[in-house]
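Each remark here refers to the structure printed beneath this line.
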Amino acid sequence: MSSGQEPPLEANNGYGVPSGCQYGIRHGRQSVHLTEVGGALRDYLLDGRPLLDGYGPEEMCTGARGHSLIPWPNRVKGGRYEWGGQQLQLDLSEPDKGAAIHGLTRWRNWNVPVVEHENNKISFTYTLHACQGWPWVLDCRLDYTLDDGGLSVRTTVTNRSPEPCPFGTGAHPYLSLGLRGQVIDPGLVQVPGRTFLPVDDRGIPTGHEPVDGTEYDLRELRQLGSRRIDVAYTDLIRDADGRARVKLVRANGSAGVELWVDETYPYLEIFTGDTLPQPDRRRTGLGVEPMTCAPDAFNSGDGLITLEPGQSHSGQWGITPL
């Protein structure tokens with residue numbers, strides 16, 4: 001790949017665009033587009049080949065594609081939780097399941113300081129102020145970087161409140177076999193989880209079970225086929241560099257894509273997209289969601305982080321073309 005010295009892709013003003021201002025970064029044969037709304041990862045291309053099942057600049061994001069999930073990933077059951085002796089009630093952003101889902105920042109307009117947009121990197125910032133069911137203030141930052149190793153994303157959040165708060169974060173890209181609309185069923189998938197979290201009919205975990213002998217055992221590269229998956233994995237197998245890796249590869253092995261997480265992400269939600277409300281987008285991408293905590297961690301405490309006043313949390317994940 002080249003040294004990445006090309007000028008940054010132009011940003012537009014976002015007027016009339018569902019996801020606001022559009023930004024681009026590139027490095028050699030790779031290009032990425034991001035959006036003002038959610039500071040989101042809209043697409044990622046290698047030589048024009050989609051690595052993600054994303055969305056176009058004229059479209060509204062659906063299925064949380066490329067969104068960052070702050071201050072919790074996945075669901076909070078009933079939108080209710082207790083913290084510091086208070087009973088708190090979040091707005092139900094998933095009313096059909098009676099849940100608050102994927103945090104509070106993904107539909108907000110994020111800022112890009114002028115000095116933070118270079119040819120191969122860009123940073124978004126947003127301050128989450130107190131709102132219904134969330135009485136704290138968080139400074140949030142997303143750093144996207146393209147280099148020879150692919151795309152890396154660092155999420156950093158600081159508690160600016162005088163009281164500690166519960167916290168979790170995640171992200172929601174959908175990996176692609178390389179052509180929009182192509183179903184993922186023929187693809188080979190590898191998920192490095194020894195344990196999965198079965199869920200009830202509202203998507204809330206009911207326990208922990210080993211993957212051994214189940215359809216969720218994807219520790220070796222296997223054809224996805226008709227598997228319907230929408231569960232979190234944990235007890236992740238990590239390589240010597242501390243990273244855990246999910247792979248989606250074409251059946252003939254000619255190309256693929258890998259998502260990695262560092263040690264701040266002990267959970268990975270895998271979603272085959274069977275329940276997406278848009279029929280033409282079902283099973284056309286593999287949702288791979290890095291998560292610092294389990295679904296409904298605000299109630300279960302499973303992986304939940306306590307952010308003390310002034311404390312920051314930072315974690316990194318990324319995508320590598322294969």
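Under 6 Å between Cβ atoms, which residue pairs at least 6 apart in sequence (or on different chains) link something in region 62-73 that is more than 15 Å from GLY303 (Cβ to Cβ) with a partner that is among the aromatic types (Phe, Trp, Tyr) and assigned to a loop (DSSP other than H, G, I, E, B)?
From region 62-73, the pairs are ARG65/TYR55.
Which one of these is in contact with a Phe, Trp or Tyr (Cβ under 6 Å, 6 or more places away or on another chain) and either surrounded by fewer than 24 Cβ atoms within 10 Å (Cβ to Cβ) or part of a strand (DSSP E or B) (or both): LEU268, LEU259?
LEU268 is the lone residue from the list that is in contact with a Phe, Trp or Tyr (Cβ under 6 Å, 6 or more places away or on another chain) and either surrounded by fewer than 24 Cβ atoms within 10 Å (Cβ to Cβ) or part of a strand (DSSP E or B) (or both).
Considering only region 154-187, state which residues are crowded, with 18+ Cβ neighbours inside 10 Å and under 14 Å from TRP83 (Cβ atoms).
ASN159, CYS165, PRO166, PHE167, GLY168
So which pairs qualify, if the first residue must be in region 129-149 and over 15 Å from ALA40 (Cα atoms), the second must be part of a loop (DSSP other than H, G, I, E, B) and among the β-branched types (Val, Ile, Thr), the Cβ gap must be under 6 Å, and the two must be at least 6 apart or on different chains?
The qualifying pairs are HIS129/VAL137.
Only one of THR155, THR105 is outside any strand (DSSP E or B), within 24 Å of PHE298 (Cβ to Cβ) and among the polar types (S, T, N, Q); which?
Sole residue among the options that is outside any strand (DSSP E or B), within 24 Å of PHE298 (Cβ to Cβ) and among the polar types (S, T, N, Q): THR105.
Whether any residue in region 241-260 is under 19 Å from CYS61 (Cβ atoms), of a type outside the set (Phe, Trp, Tyr) and in contact (Cβ under 8 Å) with a residue 60 or more places away in the chain is what I want to check.
yes
State which residue is farthest from PRO266 (Cα to Cα) when the search covers only region 174-200 and only residues that are among the hydrophobic types (A, V, I, L, M, F, W, C) and out of contact with any Gly (no Cβ under 9 Å at 6 or more places or on another chain).
This residue is LEU179.
Test TYR44 against the criterion of being modelled with pLDDT of 95 or more, crowded, with 18+ Cβ neighbours inside 10 Å and within 18 Å of GLU289 (Cβ to Cβ), and give yes or no.
Yes, satisfied.
Among the numbered criteria (1) more than 15 Å from ALA171 (Cα to Cα); (2) modelled with pLDDT of 95 or more, which single criterion is violated by PRO8?
It fails just one condition, (2).
Considering (1) outside any helix (DSSP H, G or I); (2) touching a strand residue (DSSP E or B) at 6+ places or on another chain (Cβ under 8 Å), say which one ASN299 fails and leave the rest.
Failing condition for ASN299: (1).
How about region 193-245: which of its residues are aliphatic (A, V, I, L, M) and under 24 Å from TRP260 (Cβ atoms)?
LEU197, VAL211, LEU218, LEU221, LEU224, ILE229, VAL231, ALA232, LEU236, ILE237, ALA240, ALA244
Quick check, is THR156 among the hydroxyl-bearing types (Ser, Thr, Tyr) and in contact with a Ser or Thr (Cβ under 7 Å, 6 or more places away or on another chain)?
yes
Looking for something in contact with a strand residue (DSSP E or B) (Cβ under 7 Å, 6 or more places away or on another chain), loosely packed, with under 15 Cβ neighbours inside 10 Å and of a type outside the set (A, V, I, L, M) - is there at least one such residue anywhere in region 209-218? It would help to see each step written out before you state the result.
Within region 209-218, the subset in contact with a strand residue (DSSP E or B) (Cβ under 7 Å, 6 or more places away or on another chain) is 209-211, 216, 218.
When the remaining residues are screened for being loosely packed, with under 15 Cβ neighbours inside 10 Å, the result is 209-210.
Keeping just the survivors that are of a type outside the set (A, V, I, L, M) gives 209-210.
Checked against the condition, which is being in contact with a strand residue (DSSP E or B) (Cβ under 7 Å, 6 or more places away or on another chain), loosely packed, with under 15 Cβ neighbours inside 10 Å and of a type outside the set (A, V, I, L, M), region 209-218 yields at least one hit.
The values are calculated or read from the model by the stated rules, or taken from the named source; none is laboratory data. What you are looking at is a predicted structure, and each value in this text was computed from that prediction instead of being measured. Don't worry about glycine lacking a Cβ; one is built from the backbone with ideal geometry, like all the others, and counts go over all protein chains shown.
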